[in-house]
Amino acid sequence: MRFERVKQLLEDDFKKIEDAKILLLGVGGVGGHCLDCLVRSGVRDITIVDYDRYDISNQNRQLWSELHEGELKTQALKKHYPKIKVINVKVEEQWVKDFDFSEYDVVLDAIDNTRAKLALAQACYRKLISSFGSAKRLDPTKVQVADIWKSAGDPLGKKIRRELTRRKFKSKYKVIFSSEEAVVTEYNKASFVGVTATFGLTMCAEAIKKIRENKSK
């Protein structure tokens, strides 16, 4: 059977994974690998949100990008994962404020919009797993998971923590980050799939962990 090997690992919890509802925001270098991992792990109810199109510059790190240059990512990915639900929209602060997150068990943030990330923390921190910067790095062994207040070594994370403090936000949620210092500074979009994919796979693993914990309470 397709999922027999993951069932052997999850045992009775596999049913919890099948029944979970996941919202994945952003399906680029991090989110695309996360999506693939979720599907291969048996998650049946996944909604992805993105607005961008595949470009040749994505092909060093984004799954399926070389097959769908110029196509909307949401529509292209539905060809490979036909059971997913898609929302073709840019995740911005106002969209987060207007969106109803109540039906989802886990919300996965793989976007790079700072204000939207802050809005997500305030809107659904209990369900949230958020990715920080994966660009400019080469060492996947430096990828870590911690709560927002214990993350370190990432300029985006520092900015998020500072702004959350200013907003008097004191709650915790999981973040994925790298402690590796940027290898380059002059190329803002420099990236290596060994790191971006590790971020995505780690996000998937944390989502499964959260589902198992949530459903057992």
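The values are calculated or read from the model by the stated rules, or taken from the named source; none is laboratory data. As the structure is a prediction and not an experimental result, all values here were calculated from the model. When we count neighbours, we look across all protein chains shown, and the Cβ atoms used for this are built from the backbone with ideal geometry, even at glycine.
Taken across region 141-152, residues that are modelled with pLDDT under 95, farther than 25 Å from Ile48 by Cβ, touching an Asp or Glu at 6+ places or on another chain (Cβ under 8 Å) and surrounded by fewer than 17 Cβ atoms within 10 Å (Cβ to Cβ) do not occur at all. Out of Glu18, Glu11, Glu69, one residue alone is more than 21 Å from Ser131 (Cα to Cα), of a type outside the set (Val, Ile, Thr) and outside any helix (DSSP H, G or I). It is Glu69.
Of all residues in region 125-167, how many are part of a helix (DSSP H, G or I) and of a type in the set (D, E, K, R)? Give the derivation first.
Going residue by residue through region 125-167, those that are part of a helix (DSSP H, G or I) are 125-127, 140-142, 148-150, 155-166.
Imposing the further condition that a residue be of a type in the set (D, E, K, R) reduces the set to 126-127, 142, 150, 158-159, 161-163, 166.
Going through region 125-167 one residue at a time, the tally reaches 10.
Among residues of region 76-88 that are under 16 Å from Tyr104 (Cβ atoms), those with a beta-carbon under 6 Å from a residue that is among the polar types (S, T, N, Q) and surrounded by 15 or more Cβ atoms within 10 Å (Cβ to Cβ) at least six positions away or on a different chain give the pairs Lys85/Thr47; Val86/Thr74. Going by the conditions given, is Ser134 more than 18 Å from Val43 (Cβ to Cβ), crowded, with 19+ Cβ neighbours inside 10 Å, touching an Asp or Glu at 6+ places or on another chain (Cβ under 7 Å) and among the hydroxyl-bearing types (Ser, Thr, Tyr)? The answer is no for Ser134.
Mind listing whichever residues of region 4-29 are aliphatic (A, V, I, L, M) and either in contact with a Lys or Arg (Cβ under 9 Å, 6 or more places away or on another chain) or farther than 30 Å from Thr114 by Cβ (or both)? Quick ask: steps written out before the conclusion?
Within region 4-29, the first condition is being aliphatic (A, V, I, L, M), and the residues that meet it are 6, 9-10, 17, 20, 22-25, 27.
Those that are aliphatic (A, V, I, L, M) and either in contact with a Lys or Arg (Cβ under 9 Å, 6 or more places away or on another chain) or farther than 30 Å from Thr114 by Cβ (or both): Val6, Leu9, Leu10, Ile17, Ala20, Leu23, Val27.
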